[in-house]
Amino acid sequence: MPKNSTADTTPTQAALIDGKWTDGSAGTFDVCNPHTGKVLHEVGSCSSADVDKAVASAKAAFPAWKATPFVERAKIMRRIHTLFLEKAEPIAQMITAEIAKTITDAREEVFEYSAPSWGKAAEEILRHRGLSFPSTQEQTTNKRLVLTHRPHGVVTAITPYNFPTDISSIALAHIAVAGNTVVWKPSEYAAVSCAMMADLFVEAGLPNGVINVCQGDGSVGSALIDHEDVKAIFFTGSTATGRKIAAKAALRPHLLELGGDGPFIILADADVDAAVEGAMNGCFYYSGQVCTSAERLIVHEDVYDEFVEKFKARTKQLKIGDPAKDDTEMGPLCNEATLKRVVEHVEDAKAKGAIIEQTGPEEGLYYPATVLTGVTTDMLIAQEETFGPVAPIIKVSSADEAVEIANMSGLGLIASLWTRDLASAWRVGEALPHGTVNINETSNYWDQLAPFGGAGNSGVGRELSQWFLETFTERKLLVFDLGGEHTDRRAEGGW
Ligand code: NAD
């Protein structure tokens, strides 16, 4: 059985319910180190009975939390922010051990993004304003219409492996600060770093039951979605899982952040050197396991040869190896499922005529940095999210052709466009359906205070800052009639 803690007090139990870690009743699962292949921790897994207990805890905590003054909620969020910064280093190291994000990128995730999200949520709730407006329905000045927000109740948050503490911090902080209570199902690949983060909530004095945690695989997420006391849903993960959740969300508010198709378009007048650096980040940051990765490099024929030559040369310089080392730029993939899909896409492209050049080891979960030229739109790699360290390059002869190819996938999270011409940037930017189009910036750039989310099969809704609060509160209109004189046009006999 999993113990309450290992010698280093790492939480490995199945659930945090009502402020206490407890064993689950669905056995255990192993969290492995993708670099060594060794088991890091045995973590307890929740059954649907455990999910019931976690939801009951969140439901019981809701009335008091909803009634907690905004300034008090904000104060607790700031305490979590401060504590998180103090304890960030071991959490970053655990992220590297569990999911093989390089230690430099894991530190960035916790110090730059995850911890500050709690502070940002505290600021945001104090600026989450309602509206008051005049009645336009009647000939009167006696009406007052006031729009307020109220929390939904119990919300579930289900998160993916690639930004285990960042995506969940954004979600949990904003959902909770708005007065909701939460049951969080972290990724089974990043269970321990997430549990370490959850420990901070208890230490910071977040009231018991406001954020509960259920560990386990997709069946635990599924039980949460099925639960009738779960009133709203936050999900980030693949489009395939998102579709199942959307089908069950029914009339409940839901925010779905799903897969991307990352078109990275380089027009004839682009700054090629800058585009090469942008593409290196877009294709190889965290071995391409990012929803905003550059999934397809769509390059104008006028700059194609120059781009391909320079990009291949830069790829050969990548430092690939142990993600725990400070100077490593790319480590292995996180898990077998991701590796299998990458291999399938590359083999399919090879079979259909793509030319392949690889740098780095291919063993265990390591997959080389891979450049594919001669890529055509009938290849899987050009149609679906690959989520690996691959750079499929497609040659085009016009901006219109680039847009046509970019729009083929039905996904639409983020696109990157390289041009020095303002009118081209504007026209192409508008012609892409993607939720965000970065101009002369890598696809992996997003701002923590700007709306983020996908169109088409990339998701439903927008997250970050006030957009998050809008989804996870219900708009409520209070209409007052102050009494006094009303003009009655019917009585006056005419319109
Ligand atoms: P995934 O869909 O396999 O899993 C995500 C989470 O859902 C995990 O916690 C998993 O246990 C859970 N889950 C699995 N099946 C479930 C079900 N039937 N019901 C409820 N929960 C279930 O995704 P992943 O492999 O962890 O993450 C990679 C994917 O996430 C990629 O497609 C990536 O593009 C996407 N992603 C999107 C964004 C975004 O903001 N749009 C951000 C990060 C990752």
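The values are calculated or read from the model by the stated rules, or taken from the named source; none is laboratory data. Just so you know, these numbers come straight off a predicted model, no measurement behind them. Backbone-built Cβ (ideal geometry, glycine too); neighbour counts: all protein chains shown. Calculation scope for accessible area: heavy atoms of the full protein, side chains included, ligands and nucleic acids excluded. Shrake-Rupley method; radii C 1.70, N 1.55, O 1.52, S 1.80 Å.
Being at pLDDT 95 or above, out of contact with any helix residue (DSSP H, G or I) (no Cβ under 9 Å at 6 or more places or on another chain) and more than 6 Å from the ligand (Cβ to nearest atom) is the filter here; which residues of region 230-250 pass it?
Scanning region 230-250 gives Lys231, Ala240, Ala246, Ala247.
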Practice problem: Look through Phe468, Phe480 and report the one residue that is in contact with a Lys or Arg (Cβ under 6 Å, 6 or more places away or on another chain) and at pLDDT below 95. | Solution: Phe480
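Evaluate the following for Ile405: is it in contact with a Pro (Cβ under 9 Å, 6 or more places away or on another chain), surrounded by fewer than 24 Cβ atoms within 10 Å (Cβ to Cβ) and more than 30 Å from Glu98 (Cβ to Cβ)?
Yes.
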Self-check item: Residue that is farthest from the ligand (Cβ to nearest atom), among those in region 264-294 that are of a type outside the set (S, T, N, Q), within 22 Å of Pro323 (Cβ to Cβ) and in a loop (DSSP other than H, G, I, E, B)
Solution: Ala294
Exercise. Check whether at least one residue in region 122-129 is among the charged types (D, E, K, R), free of Cβ contacts under 8 Å to residues at least 60 places away in the same chain and not in a helix (DSSP H, G or I), and report yes or no.
Key: yes
Exercise. Filter region 229-250 for residues that are part of a loop (DSSP other than H, G, I, E, B) and buried (at least 18 other Cβ atoms within 10 Å of the Cβ) and give the result.
Key: Val230, Lys231, Gly237
Quiz item: In region 445-466, how many residues are within 11 Å of the ligand (Cβ to nearest atom), open to solvent by less than 30 Å² (accessible area, probe 1.4 Å) and among the polar types (S, T, N, Q)?
Solution: 1
Practice problem: Take region 195-228 and flag every residue that is in a loop (DSSP other than H, G, I, E, B), more than 16 Å from the ligand (Cβ to nearest atom) and touching a Lys or Arg at 6+ places or on another chain (Cβ under 8 Å). | Solution: Ala204, Gly205, Asn208
Quiz item: Looking only at region 101-118, which residues are in contact with a Lys or Arg (Cβ under 9 Å, 6 or more places away or on another chain) and either loosely packed, with under 13 Cβ neighbours inside 10 Å or farther than 28 Å from Gly221 by Cβ (or both)?
Solution: Ile103
Self-check item: Unmet requirement for Asp305, which otherwise passes all of (1) over 29 Å from Tyr161 (Cβ atoms); (2) within 16 Å of the ligand (Cβ to nearest atom)
Solution: (2)
Quiz item: Among the residues of region 339-353, is there at least one that is touching a strand residue (DSSP E or B) at 6+ places or on another chain (Cβ under 8 Å), under 30 Å from Gly37 (Cα atoms) and surrounded by fewer than 17 Cβ atoms within 10 Å (Cβ to Cβ)?
Solution: yes
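Say we look at region 275-285 and pick out the residues that are out of contact with any Pro (no Cβ under 8 Å at 6 or more places or on another chain) and buried (at least 24 other Cβ atoms within 10 Å of the Cβ); which of these is nearest to Val343 (Cα to Cα)? Walk me through how you get there before you give the answer.
Keep residues of region 275-285 that are out of contact with any Pro (no Cβ under 8 Å at 6 or more places or on another chain), which gives 275-282, 285.
Okay, now just the ones that are also buried (at least 24 other Cβ atoms within 10 Å of the Cβ), so 275, 278-279, 282.
Values: Ala275: 26, Gly278: 24, Ala279: 21, Gly282: 19 Å.
The selected residue is Gly282.
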Quiz item: Among the residues of region 315-333, is there at least one that is more than 30 Å from Ala399 (Cβ to Cβ), touching a Gly at 6+ places or on another chain (Cβ under 6 Å), at pLDDT 95 or above and open to solvent by 60 Å² or more (accessible area, probe 1.4 Å)?
Solution: no
